[in-house]
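The structure appears below as structure tokens.
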Amino acid sequence: MIDIKQIRDNPEQFKDACSAKHFNVDIDGLLAVDAELKTVKQQLQDISTDKNRLGRSIPKLSPEEKQSALSQLSELKQREAEYNEQLGQLQPQFDELMQQVPQPADDDVPLGKDDTENIEIRKEGEIPRFDFEPKDHVQLGLALGIIDIERGVKLAGTRNYFLKGDGALLHWAVLRFAMDLVAGRGYVPLSVPLLMKDEAMRGTGYYPGSEDQTYRMEKDQLNLVGTAEVPLTAYRMGEIVDADELPLKYVALSSCFRREAGAAGKDTYGLYRIHQFDKVEQVVVCANSAEESRKYHEEILANAEAVMRDLGLPYRVVNVCTGDLGRGQAKKFDIEAWMPSRGKYCETHSASKFYEFQARRMNLRYKEPGTKRNLFCHTLNNTVIASPRILIPILELYQNADGSLTIPEVLRPYMNGKQKITQPS
RNA sequence: GGAGCAGUGGCCGAGCGGCUGAAGGCGACGGUCUUGAAAACCGUUGUACCGAAAGGUACCGGGGGUUCGAAUCCCUCCUGCUCCGCCA
């Protein structure tokens, strides 16, 4: 959420943000509602003042005076009811519009319509050449007996799968490796609830907007998270955090659930786009300073890159353009791994910077030491690793001519020292 | 799921219809004293909104109601604790 004062002071900035990020929000309409709301609230406040004064005087009045005070009061109450009526109309309109106003993108974010206009910042690692006909991850997984999509679909529907034997172990090895790396860099590991109340969904900015993407437990009014970003970022929701606790750095391993509504027919092959996966996610909550935000944005990106480098996966980093940014995101770096079967770099990580957009929604603050003012925190998050999507490049890049798979060195300690996954004979 | 009890400021805790944004204590901050510190004493110490300011308004778990007036009475929801049932 944006500070209404900023919108009042500089509506053009937010109109521009809307068009750059392709959100259609009626800023002028919002300001009109805001102005009306302000006068209505002022009237109501004045009426309250009068009511309070009259009410307080009542015990000291003579019976006749009391009568006239009471009739004045009922008059006031009638006017109050009228203004309350108006308030009841305006406030929801205002809240609704405010939820929709997007965070303007940073100046160094490229203008663009969608992910095709993201700008590559750098490439790391070599794309290997094979001197044999390489298999894709589905063929490999099937041949090695470590991926079973058919039965996943049989039992859970499309976009579901089983990982089996060394496939399951490899999946967990990647996650544990990533968790250890980031926890080793001072991030506090958290095991988190995955069913979140609507408030947490709203606080992180997923609601309103992503209801269709979310599995919802209607009976209990809870939402299955699509990412641990939700419990991690909302962990201190509504609190005034001690300034010397900042920055808060959290990392969690969680299952993630996505309905992938509207993606019908898209990325239907293999383990790329699926309804359920596991992810290690990192979140930073820092002080209200653009410089701090920038610093930690780079830090979480560096953490993710360390994981990719250690796994020996070629990737590139892109600066995500305005049209591909979420409502609350001021800037986003995606890491895209090279996926041979797809013949291109594909998103595996997403590092987002929100400034105070999320903190404001969830009322997450700290007391600034010098001024003693309560300021909204800044929040950031990034994937550390998401599996099985990351198994796509791992399988496809580490396959051998004989059909076996070499296990990346850093994962071997998590697989009892095993070096290769071979075809069952 | 059933029964009972409870939810007050950073914390503890009083208030149980108007003079209470809320006693008292702890903590924190500023000052006096001291070579420095401690102790003692004095003062300050919630949040948000409106206002240039003076000041005003709202908030005692959330929402609603009764009343001229509610932290205080009523309803409801949420959360916690205790007991019972059920399941792990």
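The values are calculated or read from the model by the stated rules, or taken from the named source; none is laboratory data. Values in this document were obtained by computation on a predicted structure and should not be read as measured data. Note: ideal-geometry Cβ built from the backbone for every residue, glycine included; neighbour counts use all protein chains shown. We work out accessible area using only protein heavy atoms, side chains counted, and drop any ligands, DNA or RNA first. Shrake-Rupley method; radii C 1.70, N 1.55, O 1.52, S 1.80 Å.
A few comments on the model shown:
- Remark: relative contact order (the stretch A:4-100) = 39 percent; criterion is Cα-Cα distance under 8 angstrom and separation of 6 or more residues.
- Distance in nm between pseudo-label sites at residue A:197 and residue A:82 (7 Å out along the Cβ direction from Cα): 3.8 nm
- Chain A, accessible area per residue, ligands and nucleic acids excluded (1.4 Å, Å²): 49 Å²
- Of all accessible heavy-atom area on chain A, the percent that carbon and sulfur account for (1.4 Å): 48 percent
- Rough spin-label spacing in nm, given labels placed 7 Å along Cα→Cβ, for residue A:160 and residue A:60: 7.4 nm
- Which of A:54, A:127, A:13, positive extreme of dipole for chain A (C-beta unit charges): A:54
- Against chain A, whose longest principal axis is taken from its Cα atoms, helix A:27-57 shows a tilt of about 40°.
- Among residues other than residue A:175 with Cβ under 10 Å from its Cβ, the summed charge is 0 (Lys and Arg +1, Asp and Glu -1).
- Cross-link pairs beyond the 30 Å C-alpha cut-off, checked among A:15/A:367; A:15/A:295; A:266/A:353: A:15/A:367
- Using the average count of surrounding beta-carbon atoms within 10 Å as a protection proxy, the listed peptides A:57-65, A:341-349, A:104-112 rank, highest first, as A:341-349, A:104-112, A:57-65.
- In chain A, the inverse of the mean reciprocal separation of distinct Cα atoms equals 24.3 Å; this is its Kirkwood hydrodynamic radius.
- Helix A:63-100 and the longest principal axis of the C-alpha atoms of chain A enclose an angle of approximately 20°.
- Positive-pole candidate from A:101, A:222, A:112, dipole of chain A, charges at beta carbon: A:222
- Per-peptide packing, taken as the mean over residues of other Cβ atoms within 10 Å, places A:376-385, A:5-14 in the sequence A:376-385, A:5-14 from highest down.
- Test item: Cα-centred dipole of the stretch A:63-177, Lys/Arg +1 and Asp/Glu -1 on Cβ, debye: 840 debye
- Descending by average beta-carbon neighbour count within 10 Å, the peptides A:19-28, A:327-336 line up as A:327-336, A:19-28, the highest first.
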